[in-house]
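Trainee: One structure is given below, represented as structure tokens, and several questions about it will come after.
The values are calculated or read from the model by the stated rules, or taken from the named source; none is laboratory data. Because the structure is a prediction, the values reported are computed rather than measured. All Cβ positions, even for glycine, are placed from backbone atoms using ideal geometry, and neighbour counts span all protein chains on display. Heavy atoms of the whole protein, side chains included, go into the accessibility calculation; ligands, DNA and RNA do not. Shrake-Rupley method; radii C 1.70, N 1.55, O 1.52, S 1.80 Å.
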Amino acid sequence: MSNERLVERIWERDATLWTGNDEAKWLGWLDEPMRVRERLGDLLQFAEDVTAPGQVDTFVLLGMGGSSLAPEVLRLTFGAEGFHVLDTTHPAAIRRLTESLDLDATMFLVASKSGTTLETRCHLDWFWEQNGGRGEYFVAITDPGSELESLARKRGFNAVFGGEPTIGGRYSALSVFGMVPAVLMGVDLVRFLERVDEVVEACRLADGNPGLDLGLELGNGWAEGRDKITINPNPGGFGLWAEQLLAESTGKEGKGLIPAPGESPDGPDRQAPEVRLPAPYELGQEFYRWEFATAVAGSILGINPFDQPNVQAAKDKTNEVLAAGGEPDVEPRGSLDELLGQAEPGDYVAIQAFIDPAREDELEPLIERARGTGCVVTHGIGPRYLHSTGQLHKGGPNTGLFVQVVDDAGDELPIPGREFGFRRFIHAQAAGDLASLEERGRRIIRLRLEDV
């Protein structure tokens, strides 16, 4: 098939380019920059109103996966000091953030496409009570007709921004899920979207198409056995977002592109596509280029890049653990030496850390030890990674060596209206994911952070 025809079929929404299932209804991201441009006036007016003197000066986004990773990269890229992203259920992190906030000057953005994301709804339960149930300090970003939309209207939220139902979460960076946070960070959306428009038009071409070229590089590299995607440089944590896009889109049917931000590109199983971020306002272009590229690569892998069939597995296991009552079992299991001793060429080590994100640097000795195998090493903070690389871990190739890490989560932090608190919740998520991986015959052990 010619490059010209490949591009035409994407824009024609031809599902047979992938698996011929429901791909056609998940291609709304192709045109989303244009739709957001039509909403610019409302977005700019909203930002002007809520950031007026005497209103609010701090924003907290409550979200997971596709609802949090683009805002986190935007926050880091533009240095937005008054903007926080909460995508952990660790009680120490939630306590620390809560104690740092002036609740009379803080607005909470509750972001969930489905409106039912359990972590996000628990965050809302917590901060709704902390805030005294003052709806004017809350904003919902959710798809039309969701439970969250109904709740937001019932509680009198300051605003409700409806998402585009034809876009999956990981392709939503340039929708309201990314652009509402961006405008509140002070990003000039007119300038930002002008740059995006340029790459959208370029992605319609057969020649000089930046998304096509990247997608062919990723897909053809995979076909040659180079399935590890090192992402360097990694300014503004861009790899956090690209990691979900690649892993959740391609990690299925025993196949997958395995993203490895920050890892060395040297190795026969690795490729190092260029990250083009010379300046912050290029970020929107890069979001779109990598989205288009992932669709192209998915056609080469022969998978549906818009579903996530294995993500629900860990959620179901978590619910089983919570329903069982009592304290979840997060005791150490297995031997690190024995696990790493199994490493073979083409394997990768995945460190899955259900720890306080503030302690992430303490993983470094473990990461370095794992690199001694010669394998690519990836690491993610739980439960964030469950909404990111979790699909790849379960549905991708069985080449992962998994090291789950837990810490002392401290005292319980009750969640209003729930039968469990955040400590039990994060432990249930760790226990549930380990069980889910074991069910699929994955090689996994568990360590305490204190023993790393």
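Trainee: Please determine, by comparing only the residues of the stretch 403-442 that are charged (D, E, K, R) and touching a helix residue (DSSP H, G or I) at 6+ places or on another chain (Cβ under 6 Å), which one is surrounded by the most Cβ atoms within 10 Å (Cβ to Cβ). Before the answer, list the steps.
Mentor: Filtering the stretch 403-442 for residues charged (D, E, K, R) gives 407-408, 411-412, 418-419, 423-424, 433, 438-440, 442.
When the remaining residues are screened for being touching a helix residue (DSSP H, G or I) at 6+ places or on another chain (Cβ under 6 Å), the result is 407, 412, 423, 433, 440.
Details: Asp407: 19, Glu412: 14, Arg423: 21, Asp433: 27, Arg440: 13.
Here the answer is Asp433.
Trainee: On to the next question. Go through the stretch 55-90 and count every residue that is farther than 14 Å from Arg121 by Cα, among the small types (Gly, Ala, Ser) and more than 9 Å from the chain's Cα centre (by Cα).
Mentor: Total meeting the criteria: 3.
Trainee: Can you name the residue in the stretch 75-105 that is touching a His at 6+ places or on another chain (Cβ under 9 Å) and polar (S, T, N, Q) and, of all such residues, is surrounded by the fewest Cβ atoms within 10 Å (Cβ to Cβ)? It would help to see each step written out before you state the result.
Mentor: To start, the set of residues in the stretch 75-105 that are touching a His at 6+ places or on another chain (Cβ under 9 Å) comprises 75, 86-87, 89, 94, 97, 100-101.
Subsequent filtering for residues that are polar (S, T, N, Q) retains 89, 100.
On the way: Thr89: 28, Ser100: 11.
For the stretch 75-105, the residue satisfying everything is Ser100.
Trainee: Another question about this same structure. Taking only the stretch 1-33 into account, find how many residues are open to solvent by 40 Å² or more (accessible area, probe 1.4 Å), free of Cβ contacts under 8 Å to residues at least 12 places away in the same chain and of a type in the set (A, V, I, L, M, F, W, C).
Mentor: Number of matching residues: 2.
Trainee: Which pairs have Cβ atoms under 7 Å, sit 6 or more apart or on different chains, and link a residue in the stretch 85-113 that is in contact (Cβ under 8 Å) with a residue 24 or more places away in the chain to one that is of a type in the set (Lys, Arg) and buried (at least 20 other Cβ atoms within 10 Å of the Cβ)?
Mentor: Taking only residues 6 or more apart or on different chains, the pairs are Val85/Arg75; Asp87/Arg384; Thr88/Arg384; Pro91/Arg423.
Trainee: Tell me, which residue of the stretch 300-309 that is more than 11 Å from Glu248 (Cα to Cα) and buried (at least 21 other Cβ atoms within 10 Å of the Cβ) is farthest from the chain's Cα centre (by Cα)?
Mentor: That would be Leu301.
Trainee: Run down Glu136, Glu99 and say which single residue is over 26 Å from Val406 (Cβ atoms) and charged (D, E, K, R). Lay out the reasoning, then the answer.
Mentor: Values: Glu99 fails: over 26 Å from Val406 (Cβ atoms).
Going through Glu136, Glu99 in turn, just one is over 26 Å from Val406 (Cβ atoms) and charged (D, E, K, R): Glu136.
Trainee: Could you please let me know if Ser112 is surrounded by 23 or more Cβ atoms within 10 Å (Cβ to Cβ) and at negative phi?
Mentor: Spelling it out, Ser112 is indeed surrounded by 23 or more Cβ atoms within 10 Å (Cβ to Cβ) and at negative phi.
Trainee: If I filter the stretch 256-277 down to residues being in a loop (DSSP other than H, G, I, E, B), in contact with a helix residue (DSSP H, G or I) (Cβ under 8 Å, 6 or more places away or on another chain) and aliphatic (A, V, I, L, M), which single residue comes out as surrounded by the most Cβ atoms within 10 Å (Cβ to Cβ)?
Mentor: Among residues in the stretch 256-277 that are in a loop (DSSP other than H, G, I, E, B), in contact with a helix residue (DSSP H, G or I) (Cβ under 8 Å, 6 or more places away or on another chain) and aliphatic (A, V, I, L, M), the one surrounded by the most Cβ atoms within 10 Å (Cβ to Cβ) is Leu257.
Trainee: Within the stretch 167-185, identify whether any single residue is open to solvent by 20 Å² or more (accessible area, probe 1.4 Å), within 18 Å of the chain's Cα centre (by Cα) and at pLDDT 95 or above, and answer yes or no.
Mentor: The answer is yes; a qualifying residue exists.
Trainee: With the requirement that a residue be open to solvent by less than 10 Å² (accessible area, probe 1.4 Å) and aliphatic (A, V, I, L, M), what does the stretch 200-221 give you?
Mentor: To start, the set of residues in the stretch 200-221 that are open to solvent by less than 10 Å² (accessible area, probe 1.4 Å) comprises 203, 209, 211-212, 214-215, 218-219, 221.
Within the stretch 200-221, Leu212, Leu214, Leu218 meet the criteria.
Trainee: When you go through Asp269, Asp316 one by one, which is the residue that is touching a strand residue (DSSP E or B) at 6+ places or on another chain (Cβ under 9 Å), among the charged types (D, E, K, R) and closer than 27 Å to Leu434 by Cα?
Mentor: Residue meeting the stated conditions: Asp269.
Trainee: Please work out which residue is surrounded by the fewest Cβ atoms within 10 Å (Cβ to Cβ), limiting yourself to the stretch 56-74 and to residues that are part of a helix (DSSP H, G or I) and not aliphatic (A, V, I, L, M).
Mentor: Taking the stretch 56-74 as the starting set, the residues that turn out to be part of a helix (DSSP H, G or I) are 65-67, 69-74.
Adding the requirement that they be not aliphatic (A, V, I, L, M) leaves 65-67, 71-72.
On the way: Gly65: 28, Gly66: 26, Ser67: 30, Pro71: 30, Glu72: 21.
Looking at residues that are part of a helix (DSSP H, G or I) and not aliphatic (A, V, I, L, M), I get Glu72.
Trainee: Moving to a separate point now. Would it be correct to say that Thr120 is among the polar types (S, T, N, Q), within 23 Å of the chain's Cα centre (by Cα), part of a loop (DSSP other than H, G, I, E, B) and on the phi < 0 side of the Ramachandran plot?
Mentor: Here the answer is no, as Thr120 does not meet what is asked.
Trainee: Within the stretch 310-330, can one find any residue that is part of a loop (DSSP other than H, G, I, E, B), modelled with pLDDT under 95, open to solvent by 10 Å² or more (accessible area, probe 1.4 Å) and within 21 Å of Gly168 (Cβ to Cβ)?
Mentor: yes
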